[in-house]
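Have a look at the structure below before the remarks.
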Amino acid sequence: MKILVSIKQVPSRDSQLRIDASGRWIQENDIGFEINEPDAYALEEALRLKEKHGGEVVALCAGPARASQTIREALAKGADRAIHIEEENLPAFDTLGVAKLLAKAADSEKPDLILTGLQSDDLGYGQTGVVLAELLGLPHGTIIMAVEIIDSGIRVKRELEDGWFQNVEMPLPAVLTIQSGINKLRYATLMGIKKAKTKEVKRLTAAELGVTPSPTASIERVYLPQRTKQTQLIEGSAKEAAAKLVEKLRFEARVI
C-alpha cells in the first residue's frame, strides 16, 4: 500500500507573532517553524498502517525552501521518501490553489491512500484535504479517529458532535483528514535522523506542475483582537438570571 501524507510547515506555537508591514500576514524572518500538528498525526497514522500492512509512506509538502527542515523530520520519523513543491510565494495560493499543487503531484504517484491533517494551525480553514479529494475525484472522510484496512477497502471512525462517532466503509483510493490525538506521536530516533539524510526528496515547482496563483479568496487584514471590558446586569430571579448567564456564556462569549 502506498500512502501519501500531506504535511505543512507552520509557525511554532511558542513564537512571538508580529504583523508584517502589509498588514496581511505575520513577520516570518524572526520566528521558528515546525510541522503542522494535525499533519503530524496524519503522518503517525500512515506510519502505523505501513508497519501493520507494509507498503510505502511518501511525505508531500508545498512550501518555501525552509520547509525542507519539516520534510527531513517526516523522513526521520519513518517516511520512505518525500516530494517538495518548492514555492517561496505560497501565500499567493488560496486553498484551491494549494490543493491544485498537491493534486498535480499526487496524481503521478497513484497512491492507495492520501492522508492530511484536519486543518492547519496557522490558517485553520480545514478545506485543503476535501478540495484535494474533489480535484482527484476520490471519496473522502473527515475528522478521522481510526483507520482499519478491510477486504473491500477501509473502515474509518469519524468524530461527530456531542461525543458521537460514525463508522463508515470506503473504497480505495481515498482521501482522509486526520483528527489530532488519533495516536501518540513518535519521536525521531538517532538512526532515523541519520537515514533521513540519504532518503530521496523529489523537488518540483508550481511552474513545472502548471499551476499559477489565481486566488478566489484572499486575506485582506491580519490584526490582534482588541481587549475590551463590558459589564451587563442580568435581571430576574436567581433561576432566570442563571439561565440567561449560561446562554450568554455559550452563545456570546463562547466559553462553554
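What follows draws every value from the coordinates through simple rules; no lab data is involved. These numbers were taken from a predicted model, which means no experiment stands behind them. Quick reminder, even Gly has a Cβ in these numbers, built from the backbone with ideal geometry, and neighbours come from all protein chains shown.
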Residue satisfying condition, being under 20 Å from Leu172 (Cβ atoms) and in contact with a Leu (Cβ under 7 Å, 6 or more places away or on another chain), within set Glu45, Glu51: Glu45
Selection within region 22-58 - part of a helix (DSSP H, G or I) and among the aliphatic types (A, V, I, L, M): Ala40, Ala42, Leu43, Ala46, Leu47, Leu49
Failed item, numbered, when Ala59 is tested on (1) small (Gly, Ala, Ser); (2) crowded, with 23+ Cβ neighbours inside 10 Å; (3) farther than 28 Å from Trp25 by Cα: (3)
Subset of region 218-248 [surrounded by 11 or more Cβ atoms within 10 Å (Cβ to Cβ) and either under 30 Å from Asp94 (Cβ atoms) or touching a residue at least 24 places away in the same chain (Cβ under 8 Å) (or both)]: Ile219, Val222
Candidate set from region 1-31 (those that are within 24 Å of Asp80 (Cβ to Cβ) and charged (D, E, K, R)); member that is surrounded by the most Cβ atoms within 10 Å (Cβ to Cβ): Lys8
Subset of region 122-134 [buried (at least 17 other Cβ atoms within 10 Å of the Cβ) and touching a helix residue (DSSP H, G or I) at 6+ places or on another chain (Cβ under 6 Å)]: Gln127, Thr128, Val131, Leu132
Scope region 97-119; condition among the hydroxyl-bearing types (Ser, Thr, Tyr) and either surrounded by fewer than 21 Cβ atoms within 10 Å (Cβ to Cβ) or in contact with a His (Cβ under 9 Å, 6 or more places away or on another chain) (or both); matching residues: Ser108
